[in-house]
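The structure appears right after this line, and notes come after that.
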Amino acid sequence: MDILVTYDIATLDPRGERRLARIAAICERYGIRAQYSVFECRLSGVGLQSLIGELADAVEADEDSIHIYRFDRPIRDVRMSLGRDRNPTVGDPYIIQPRNSSDL
């Protein structure tokens, strides 16, 4: 299933900044960044439950908010983009190349 994850993390202190980095890292493992605090993900039911569990452990419920939207169709079928489109889209393969030989 395709889902969209959005978050707003309070970064008024170093703890908030660490939470923001942790939540972004969690989302990066499950999907691709569409915007700074927005991720598009294609997950199984088990993957979705895993994502929810990790985010629930990382969020400070009194200060932060995370929203997860489930789509009944692929995101590409319901998304309208204005301006610069980004690549890759959810489900597309992508190639990671090292910057130089020391990265191998």
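Quick note: the coordinates plus some simple rules give every number you see, no bench work behind them. The shown structure was predicted, so the numbers you read here are calculated from the model rather than taken from an experiment. Don't worry about glycine lacking a Cβ; one is built from the backbone with ideal geometry, like all the others, and counts go over all protein chains shown.
Here are a few things to note about the model shown:
- Dipole in debye (nearest 20) - segment 2-75, about Cα centre, beta carbon charges: Lys, Arg +1; Asp, Glu -1: 320
- Pair VAL78, GLU17: separation of 7 Å Cα→Cβ label points (nm): 3.6
- Inter-probe distance in nm under a simple model that places probes 7 Å from Cα toward Cβ, at ALA61 and ALA10: 1.5
- Of the GluC sites (Glu not before Pro) in segment 9-67, those whose Cβ has at most 15 other Cβ within 10 Å and which sit in DSSP loop: GLU60, GLU63
- Remark: segment 31-45, residue by residue, has Karplus-estimated 3J(HN,Hα) of x, 10, 6, 8, 8, 3, 10, 9, 10, 9, 9, 10, 9, 7, x Hz, where x stands for each Gly or Pro and the curve is 6.51 cos²θ - 1.76 cosθ + 1.60 at θ = phi - 60°.
- Stretch gain in nm, segment MET1-ARG29, where the contour uses 0.36 nm per residue and the Cα spacing is subtracted: 8.5 nm
- Over all projection directions, the Cα-based convex hull of segment 1-56 averages an area of 3.5 nm².
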